[in-house]
Structure formats: C-alpha cells, structure tokens
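Before any comments, here is the structure.
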Amino acid sequence: MGFPIPVLFAWLAALAESVGAFLLALGLMTRIAAAMIAFTMAVAFTLAHAADPFGVKELAFLYGIVAVCLLLTGPGKMSLDYFLSKRR
C-alpha cells in the first residue's frame, strides 16, 4: 500500500484494533482508545479498501463512526473511567 515502514504500521494497526477494542469494552482510557481505532478505520476505509465497492468498505466505515462517537461523547456512567474518576 506504500507505507514507509509497513511492519511497524501493521503492528500499530493490530494493537489499535485489539488492545483498543479491549479498552473500549472496559471503558478504560476511552477517548484514547477511540482515537486509535478511529484513525485505523479511517486508513482502512480510505487507503486499504480504496478500490473496493462500498459494501466492502462499509464495516470499516461503521466501526470508524462508532469510534468517533465514543471519542466525542467520552465514557459513560458504567465505565471504569467513570468509577476511577469518581474516587478522586
């Protein structure tokens, strides 16, 4: 795809998708995890699936939209971020 350091970017994408998804499920470091996932999904939508029809791109687009929504709204009341900030 023309990335300068493809192995590094592959590892960063894999970490964003796995660790970021785990952190989002827990509600821990929500905005950071959502930003990582949103960036990865934006790259997947625009570069990795550039020549594909929208039906193939759709999943990356939807995951990216959900990540942007969580980035903008932040963690909810049932997240670990909320419980940890409440203790302070």
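Just wondering, is there one or more residues in region 17-26 that are among the aromatic types (F, W, Y) and farther than 27 Å from K86 by Cα? Scanning region 17-26 turns up no residue that is among the aromatic types (F, W, Y) and farther than 27 Å from K86 by Cα. The condition (being within 14 Å of the chain's Cα centre (by Cα), open to solvent by 80 Å² or more (accessible area, probe 1.4 Å) and in contact (Cβ under 8 Å) with a residue 12 or more places away in the chain) is satisfied by just one residue among F45, F39: F39.
Would you pick out the residues in region 1-30 that are of a type outside the set (G, A, S), open to solvent by less than 60 Å² (accessible area, probe 1.4 Å) and in a helix (DSSP H, G or I)? Within region 1-30, L23, L24, T30 meet the criteria.
With the requirement that a residue be in a helix (DSSP H, G or I) and within 10 Å of A34 (Cβ to Cβ), what does region 65-75 give you? Those that are in a helix (DSSP H, G or I) and within 10 Å of A34 (Cβ to Cβ): V66, A67, V68, C69, L70, L71, L72, T73. Among residues of region 53-65 that are open to solvent by less than 90 Å² (accessible area, probe 1.4 Å), those with a Cβ under 6 angstrom from a residue that is assigned to a helix (DSSP H, G or I) and of a type in the set (A, V, I, L, M), sequence gap 6+ or separate chain, pair up as A60/M41; A60/A44; G64/A38; G64/M41; G64/A42.
The values are calculated or read from the model by the stated rules, or taken from the named source; none is laboratory data. Remember, predicted model here, so these are calculated numbers, not experimental data. As a convention, Cβ positions derive from the backbone with ideal geometry for all residues, glycine included, and neighbour counts pool all protein chains shown. The area values use the complete protein model at the heavy-atom level, side chains included, leaving out ligands, DNA and RNA. Shrake-Rupley method; radii C 1.70, N 1.55, O 1.52, S 1.80 Å.
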